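**Q** This is the structure, below, for whatever I ask next.
The values are calculated or read from the model by the stated rules, or taken from the named source; none is laboratory data. Computed from a predicted model, the values in this text were never measured in an experiment. Using ideal geometry, Cβ is built from the backbone for each residue, glycine included, and neighbour counts are taken over all protein chains shown. Note: areas computed on protein heavy atoms with side chains; ligands, DNA, RNA excluded. Shrake-Rupley method; radii C 1.70, N 1.55, O 1.52, S 1.80 Å.
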Amino acid sequence: MTARLPVFPLGTVLFPGLVLPLHIFEERYRALIRHLVDLPAGAPREFGVVAIQAGWEVAPTAPGGRPTAPGGEVTLHDVGCTAELRQVTELADGGFDIVTVGRRRFRIADVDERSAPYLTAEVEWLPEPGGPDEVADLLAARVIAVFRQYLGLIRADPEEISEQLPEDPTVLSHLVAATAALTVDDRQRLLAIDDTAARLRAELRLLNREAALLRQVRAVPVPLTELASPPTPN
């Protein structure tokens, strides 16, 4: 099943269930928000968030400050996530502050740069797991344990790691992917995995890698600030 979606390129990866606030200042995306707000009651107010593979979030401008054609020289990853518009605040300069929530994963089939002021794309919905999965349940328990250890390495206050983590394996997999200090490429690979158990296995490898790096940094016998700057003369 395919659908046509407005597309918002960003330098980040959105996952289902995660909150994404945005400040909208480019005119093409102001037009997108106005379009969504004007939809009839009950219509889905959502757009696709896709991480940028190469290029820039902000379109280049022509002489006089006018934006060039939508999209510019941007190359997008092929898997993204819809963002459901939850809150809109219109600003005095005509821009918007919005709050969105990730909903559904999709794969881009075709990008259209000309039919609207903003990018649109033909997308294919990606499958989401349904029903119990014993393997995913077992992996989720391991991910929770390793993730708590990882949080203990990056947070100074132990009380900050006492929050309740979701027990649902799919929800957990998206939360870990979004909140661990991973690269955009790492997050993109996790978003593209259809199977929850496979995503959790990948997260175990990544968390163990990151935890090992953090332990090495902590073993350095001088402050990191001293490593980052040249020695001061006597």
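**Q** Go ahead and collect, in residue order, the members of segment 170-207 whose backbone nitrogen is under 16 Å from a label point 7 Å along the Cα-Cβ direction of Asp137.
**A** Residues 170-172, 196-197 qualify, since their backbone N sits under 16 Å from the label point.
**Q** 5 Å is the cut-off here: which amide hydrogens, built 1.01 Å from N in the peptide plane, fall below it relative to Leu20, excluding neighbours closer than 5 in sequence?
**A** Hits under the 5 Å cutoff: Thr100, Val101, Gly102.
**Q** If amide hydrogens are placed 1.01 Å from N in the peptide plane, which non-local residues have theirs closer than 5 Å to the one on Val49?
**A** Phe8, Cys81, Thr82, Ala83
**Q** How far apart, in nm, are the 7 Å Cα→Cβ label points at Ala192 and Val217?
**A** So the label points at Ala192 and Val217 sit 2.7 nm apart.
**Q** Okay, moving on. Rounded to the nearest percent, how much of the accessible area of segment 95-142 (1.4 Å probe, protein heavy atoms only) is carbon and sulfur? Please report the intermediate quantities before stating the final value.
**A** Values: 1330 of 2610 Å².
On segment 95-142, the fraction of accessible area on carbon and sulfur atoms equals 51 percent.
**Q** Counting only protein chains, not ligands or nucleic acids, how are Leu191, Leu206 ordered by accessible area (probe 1.4 Å), most first?
**A** Heavy-atom accessible area, descending, gives Leu206, Leu191.
**Q** Between Ala31 and Leu126, what FRET efficiency follows from the Cβ-Cβ distance if R0 is 22 Å, with the result rounded to 0.05?
**A** Working: r = 28 Å, r/R0 = 1.25.
Efficiency, from the Cβ-Cβ distance: 0.20.
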